[in-house]
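Notes follow the structure.
Bear in mind that the values in this text are calculations on the coordinates, not laboratory data. Predicted, not measured: the structure shown is a model, and the values here were computed from it. FYI the Cβ positions are ideal-geometry reconstructions off the backbone, even for glycines, and counts take in every protein chain you see.
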Ligand code: APR
């Protein structure tokens, strides 16, 4: 499974094996990404397009050429559907990413940079273009190790990162459950809403004394949805496994050296995770903006509640 990262910048400057061009069916250059790549790559790119694609390419397909003077080795040209011209079949847009990864596999590219296909001149609604890009890359088996989405502007970058981070909270909770399964039942999590109500937050503690004194190594690992997919100095998204998240948590909480039993808590946490899965909502232990009742809430304002977690066992 390829690791996805979002960057803001110019696709022609990406130091990757292959950059993807948002081309058109004629495959003879154009504006936007197409124009930038042909300008930066030089005439060799166009010459290769003419030689390799005398009839151009159909919408949804992809093909490679030399990258000319670009830092990348190859350009993978793909033709997105033109939403502005009435081509609104999303499977054609998804095909652009799937076929580009297949072409990358064929030439042995290990790193690839995508622009947001069809989201410019071709007028595809940006949020849907982002969803099509992420879900297709996450669901496509490929030997490409690193996929980079290059956002040309800040708004696109923020939207891409927010979309990539949508599954991060659940993955973090699943990572804690995976640690309990490994015997690290001392690992606990406290969750809640930021005072603004804008972001969900989680604090993961290692159960050692001196928790949460705010210092750097106070045995607390923090996350906020404001950080999107960034967690524990890594990127956690839908493609990250619970085991990988568990490893990230242990690496970030060095005081949790040995697994320690706390079965009562692990059972409570398993109940919490069943409610989270059943209602597809995140648990909220605290929030400044509504009357505090005993226990935690599943979601915010849903009225679905679970009792407080059991107190930590007394040190042996
Ligand atoms: N680097 C990264 N992203 C870029 C760059 C760049 N240098 N230039 C533009 N973008 C972004 C746009 O902001 C948009 O989000 O790439 C996305 C795709 O925009 P377009 O290049 O317009 O591509 P598309 O919408 O697929 O339209 C393709 O436009 O340029 C013509 O010949 C091309 O006919 C084809 C059509």
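Observations
- Taking all Cα-Cα distances within the chain, those exceeding 35 Å account for 34%.
- Global size of the range 25-114 as Cα Rg and Dmax, reported in angstrom: 12.7, 35
- For residue 278 and residue 39, the FRET efficiency from 1/(1 + (r/R0)^6), where r spans their Cβ atoms and R0 equals 45 Å, is about 0.25.
- Taking the C-alpha atoms only, the angle from helix 90-107 to the longest principal axis of the chain is near 80 degrees.
- Distance between the modelled labels on residue 307 and residue 55, one decimal in nanometres: 7.1 nm (7 Å Cα→Cβ projection).
- At the listed q of 0.20, 0.23, 0.31 Å⁻¹, the Debye profile of the range 3-58, built from one uniform point per Cα, gives log10 I(q)/I(0) equal to -0.76, -0.94, -1.37.
- 0 to 90° range, to nearest 10: angle between helix 126-138 axis and the chain longest Cα axis: 80
- Fraction of C-alpha pairs exceeding 24 angstrom in the range 127-270: 37 percent, rounded to a whole number.
- Most simply put, the range 72-225 has about 75% antiparallel DSSP beta bridges, counting only bridges with both residues inside it.
- Dividing the helix sum by the residues of the chain, where each DSSP H run of 4 or more adds -39500 (n - 2.57), gives a mean residue ellipticity at 222 nm of -10500 deg cm²/dmol.
- The angle between the Cα long axis of helix 168-181 and the longest principal axis of the Cα atoms of the chain comes to about 50 degrees, rounded to the nearest 10.
- For the chain, share of DSSP beta bridges that run antiparallel, in % to the nearest 5: 55
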